[in-house]
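The values are calculated or read from the model by the stated rules, or taken from the named source; none is laboratory data. Values in this document were obtained by computation on a predicted structure and should not be read as measured data. A quick note on method: Cβ atoms are made from the backbone with ideal geometry, for glycine too, and the neighbour counts reach across all protein chains shown. To get the accessible areas, we keep the full protein, side chains included, count just its heavy atoms, and leave off ligands, DNA and RNA. Shrake-Rupley method; radii C 1.70, N 1.55, O 1.52, S 1.80 Å.
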Amino acid sequence: MVDPAEARRIQVRLCTAVSLMDDFGVLRQVAGVDVGFEEGGAITRAAVVVLQWPSLVLVEQILARRPTQFPYVPGLLSFRELPAVLDAFERLSRYPDLVFCDGQGVAHPRGLGIAAHLGVLTGLPCIGVGKSRLVGTHAEVANERGASTPLYLGDARIGCVLRSRKGVRPLFISPGHRVSQETAPRLVMQALTRFRLPEPIRAAHRLASAPAIARAAARMSGR
DNA sequence: GCGACAG
DNA sequence: ATCTTGTCGC
């Protein structure tokens with residue numbers, strides 16, 4: 001199995017394949033990706049949902065489960081979560097035109113967050129939607145829906161910090177693959193309804209964290 | 001050597 | 001991420 005040192009070498013090599021140019025046609029179906037765990041982390045659950053665009057109507061959902069084989073190491077998240085995500089992608093009846101992935105895109109120490117890694121491996125346009133910061137510096141973000149400020153790593157712009165709705169913690173948006181810095185936050189805004197997270201990510205999260213619901217139901221019915 | 005650190 | 005009830009705030 002790949003160890004952390006080897007994983008970092010793979011990232012340095014693969015990051016050269018990332019494209020930060022808009023390169024996709026008319027969007028008809030978009031996917032949302034998120035991962036959860038069972039058995040105290042022993043089992044990885046990857047959820048991939050497909051929504052019609054721009055209606056955001058759910059049209060397909062796939063859940064893949066497999067033994068976890070890599071620990072959580074900041075900066076190496078994709079090596080822990082992508083195996084299960086790729087299992088789920090193989091079962092899709094049709095590939096989406098764009099993917100929203102929970103986690104960073106190129107806003108990563110070596111430019112290959114999980115959304116960028118997924119984009120390079122599948123070849124699909126991908127956008128990283130992080131709920132918190134991994135790397136980079138930025139100015140304060142106005143407390144208004146749609147407000148944003150660029151995220152930098154040294155001189156390079158690696159993404160943006162976006163307030164998806166007033167009064168919530170901002171999202172860390174960065175291109176994953178075949179999407180530009182300007183377009184990524186625009187598409188995220190178009191995928192929002194009334195919640196902090198864009199709909200594709202919310203739908204994937206509901207499916208990936210289903211165990212929590214099962215446990216809640218068990219507790220209510222009789223422990 | 002001392003923090004920071006996606007999910 | 002996950003373990004977990006009620007509770008503070010808009």
Computed about the Cα centre, the charge dipole of chain A from +1 Lys/Arg and -1 Asp/Glu charges at the Cβ has a magnitude in debye, to the nearest 20, of 680
Whenever you get a sec, compute what percent of the accessible area on the range A:10-152 sits on carbon and sulfur atoms (1.4 Å probe).
53
Out of A:Asp22, A:Asp87, A:Asp155, a Gaussian network model of chain A with alpha-carbon springs under 10 Å gives the largest mean-square fluctuation to A:Asp155
Tell me, what is a quarter of the convex hull surface for the C-alpha atoms of the range A:121-223, in nm² with one decimal?
8.6
Which value, in Å², gives the accessible area per residue of the range A:25-84 when a 1.4 Å probe is used on the protein heavy atoms?
42
Taking θ = phi - 60°, what integer Hz values does the Karplus form 6.51 cos²θ - 1.76 cosθ + 1.60 yield along the range A:198-212, in sequence order, with x for Gly and Pro?
x, 3, x, 6, 4, 5, 5, 4, 4, 6, 5, 9, 3, x, 4
For the range A:85-151, evaluate the Debye formula with one uniform point scatterer on each Cα (no solvent term) and list log10 I(q)/I(0) at q = 0.26 Å⁻¹, rounded to two decimals.
-1.15
If you build the convex hull over the alpha carbons only and average its shadow over all orientations, what do you get for the range A:82-123? Give it in nm² to one decimal.
3.0
When Rg is the radius of gyration of the Cα atoms in chain A and Rh is its Kirkwood radius, what does Rg/Rh come to?
0.96
Which distance in Å, rounded to a whole number, links the C-alpha centroids of the range A:154-172 and the range A:44-68?
25
So what are the radius of gyration and Dmax for the Cα set of the range A:16-107, in Å?
14.2, 41
Rounded to the nearest 10 Å², the 1.4 Å probe accessible area of A:Thr16 is 110
If the elastic network links every pair of Cα atoms under 10 Å, which of A:Val59, A:Val48, A:Val26 fluctuates the most in the Gaussian network model of chain A?
A:Val26
